[in-house]
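The values are calculated or read from the model by the stated rules, or taken from the named source; none is laboratory data. Since the model is a prediction, treat every value here as computed from it, not as a measurement. Here the Cβ positions follow ideal geometry from the backbone for every residue, glycine too, while neighbour counts run over all protein chains shown. All accessible areas refer to the heavy atoms of the entire protein, side chains included, with ligands and DNA or RNA removed. Shrake-Rupley method; radii C 1.70, N 1.55, O 1.52, S 1.80 Å.
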Amino acid sequence: MIASATALADGDIVVVTSKVVSKAEGRVRTGDRDDAITEETVRVVARRGPTVIVRNRLGLTMAAAGVDASNVEAGSIVLLPLDPDASRALRARLRDLTGLTVGVVVTDTAGRARRDGQTDIAIGAAGLRVAEDFAGRTDSYGNDLVVTLPAVADEIAGAAELAQGKLGGRPVAVVRGRGDLVLPIDRDGPGAASLIRPEGADLFGYGAREAVIRALAGADEDRAPFGEPAEVHDLVEAISRVHTTGRIAVAAVDGSASPYTLEIAGTPGRTATAAVCFAHGWRLVEWQPGVSGVVAQVSPRTP
C-alpha cells in the first residue's frame with residue numbers, strides 16, 4: 001500500500017505512525033485500559049491523580065505506558081508495537097517492491113517534561129542515523145562542540161506529524177531532502193531504542209513526589225533510577241543541606257575508603273539521613289548518637 005500510494009525516491013524517509021503498525025500486528029484489544037497499562041509497565045515514574053507516567057517494556061517513559069484509546073473503535077485500546085525497530089522488515093519490503101533505498105521511522109506521541117502539549121517522537125527506526133553527533137566539531141565562531149547530539153529521528157517524527165495531522169487519517173508521510181541520514185541497504189542502523197537513556201543515566205528517573213516516596217521507603221528494587229553512587233563530597237553536601245544547624249552540619253569525613261565516618265552536628269534525623277543516602281546511591285551502615293551530634297558510617301551501594 002505504501003509503495004503504491006507514494007512516489008518514493010532513493011534517500012526518502014518513510015514515516016509511519018505506531019498506531020497503524022500496532023493494528024497490523026494485532027495489538028488492538030477490548031478490555032480494561034488500566035489492566036493493559038499495568039501489563040505494559042516496568043515501573044512508575046510519576047503520578048498525579050489519574051495521570052500516571054511510566055517506563056514501559058520498550059524503555060520509553062510515557063503517559064499510560066503508551067496504551068491508547070484514540071483512532072480506534074469505541075471500547076477498544078491499542079498497545080504499542082512489540083518491537084518498533086523491527087521496521088527493518090518494512091524497509092526491506094519497500095526495497096523489494098521499488099528497488100529503492102529508504103529509511104523508515106515509526107512514531108508515537110509523547111509529552112515533554114516542563115513543556116505543555118505533546119509532539120511525535122521516533123520509537124522505531126531502520127536504515128537511518130537516528131542522531132547526528134557534533135562532538136569534536138566547531139561552530140561558526142570557533143567554539144568546540146562537546147555534547148551536541150541532535151536527535152534527528154525525533155525531529156523527523158515531529159515534522160512528519162505536521163503533515164499527517166492527528167485527525168487527518170494519514171498514517172504515513174514521506175520526508176525528503178535528508179538522504180544523508182539514510183544508510184546503505186545492508187545497514188539498518190542502531191534503531192530508535194539507542195536514543196533511550198539507560199536506567200540511572202536520566203537525571204529525572206522519578207517525578208518529584210515519587211522520588212521522595214521511593215527514597216524514604218528505601219527498597220532495593222527502587223535504587224536503579226537514582227543512578228550510580230554520587231561522590232562522597234556530594235553526599236556530604238546533601239546531608240548538610242538537610243541538617244543545617246547554623247554551623248557545619250557534617251563536621252568531618254574520615255578515611256579514604258568505604259565505609260566513611262561522618263560526624264553530624266546537632267540533632268539530625270536518622271530517617272532523613274538514610275533517605276538522602278539512598279537517593280545518592282549510598283547506604284547508612286551505622287548510626288551512633290553522641291553528646292554533640294551523631295557519628296554515622298555510610299558506604300556506597302555495590303551491585
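The DSSP beta bridges internal to the range 1-122 are antiparallel in roughly 80% of cases. Note on L284: accessible area is roughly 40 Å² with a 1.4 Å probe, heavy atoms of protein only. Normalising by residue count, the chain has a Cα convex hull of 191 Å³ per residue. Between E221 and D116, the modelled labels are 3.8 nm apart [label points 7 Å from Cα along Cα→Cβ]. Average accessible surface for the chain: 55 Å² per residue, computed with a 1.4 Å probe over protein heavy atoms with every protein chain in place. Given I185, G207, V78, which one lies farthest toward the positive end of the charge dipole of the chain, if we put +1 on the Cβ of every Lys and Arg and -1 on the Cβ of every Asp and Glu? Projecting each Cα onto the dipole axis, the largest value belongs to V78. Summing +1 for each Lys or Arg and -1 for each Asp or Glu among the other residues whose beta-carbon sits under 10 angstrom from that of G179 gives -1.
From the Cα gyration tensor of the range 1-150, with a ≥ b ≥ c the square roots of its eigenvalues, which class applies: rounded if a/c is under 1.5, or else prolate if a/b is larger than b/c, or else oblate? Oblate.
Shape call for the range 180-235 from the C-alpha gyration tensor, a ≥ b ≥ c root eigenvalues: rounded (a/c under 1.5), prolate (a/b greater than b/c) or oblate? It comes out prolate by the Cα gyration axes.
Bridge orientation summary for the chain: considering DSSP beta bridges with both residues in this region, about 90 percent are antiparallel.
Mean separation of Cα pairs under 8 Å and 6 or more residues apart, divided by the residue count, gives the range 1-99 a relative contact order of 27 percent.
Rounded to the nearest 20 debye, the dipole size of the range 54-139 about its Cα centre is 200 debye, using +1 on the Cβ of Lys and Arg and -1 on the Cβ of Asp and Glu. In a DSSP loop and with at most 16 other Cβ atoms within 10 Å, the trypsin sites (Lys or Arg not before Pro) in the range 96-190 are R114, R137, K166, R176, R187. Here the Karplus relation 6.51 cos²θ - 1.76 cosθ + 1.60, evaluated at θ = phi - 60°, turns the backbone of the range 20-30 into coupling constants of 6, 5, 4, 5, 5, 7, x, 8, 9, 8, 9 Hz, with x for every Gly and Pro.
Structural descriptor for the chain: relative contact order 15 percent, calculated from alpha carbon pairs under 8 angstrom and at least 6 residues apart. The helix-only estimate of mean residue ellipticity at 222 nm for the chain, built from DSSP H runs of length n ≥ 4 each weighted as -39500 (n - 2.57), is -7000 deg cm²/dmol after division by the residue total. Rounded to the nearest 20 debye, the dipole magnitude of the chain is 560 debye, with +1 charges on Lys and Arg beta carbons, -1 on Asp and Glu beta carbons, and the Cα centre as origin. What separates the Cα centres of the range 106-136 and the range 19-37 is a distance of 22 Å. GNM on the chain, alpha-carbon springs under 10 angstrom: the most fluctuating residue among A252, A192, A275 is A252.
Could you order S292, S22 so the one with the most accessible surface comes first? Probe is 1.4 Å.
Ranked from most to least accessible, the order is S292, S22.
For the range 68-142, what class follows from the C-alpha gyration tensor (a ≥ b ≥ c being the square roots of its eigenvalues): rounded when a/c is under 1.5, otherwise prolate if a/b is larger than b/c, else oblate? Note, shape of the range 68-142 comes out oblate.
Among D83, D32, D188, determine the one that fluctuates most according to a GNM of the chain built with springs between C-alpha atoms less than 10 Å apart. Of the options given, D32 has the highest mean-square fluctuation. Projected onto planes of every orientation and averaged, the convex hull of the alpha-carbon atoms in the range 114-204 covers 8.6 nm².
Longest segment of the chain with no GluC sites (Glu not before Pro) in a DSSP loop having at most 12 other Cβ atoms within 10 Å?
Formally, the longest exposed-site-free interval is 74-230.
If you average the sequence gap of Cα pairs under 8 Å that are 6 or more apart and divide by the length of the range 127-212, what percent do you get for the contact order? Relative contact order of the range 127-212: 33 percent. On a per residue basis, the convex hull of the C-alpha atoms belonging to the range 144-303 measures out at 229 Å³.
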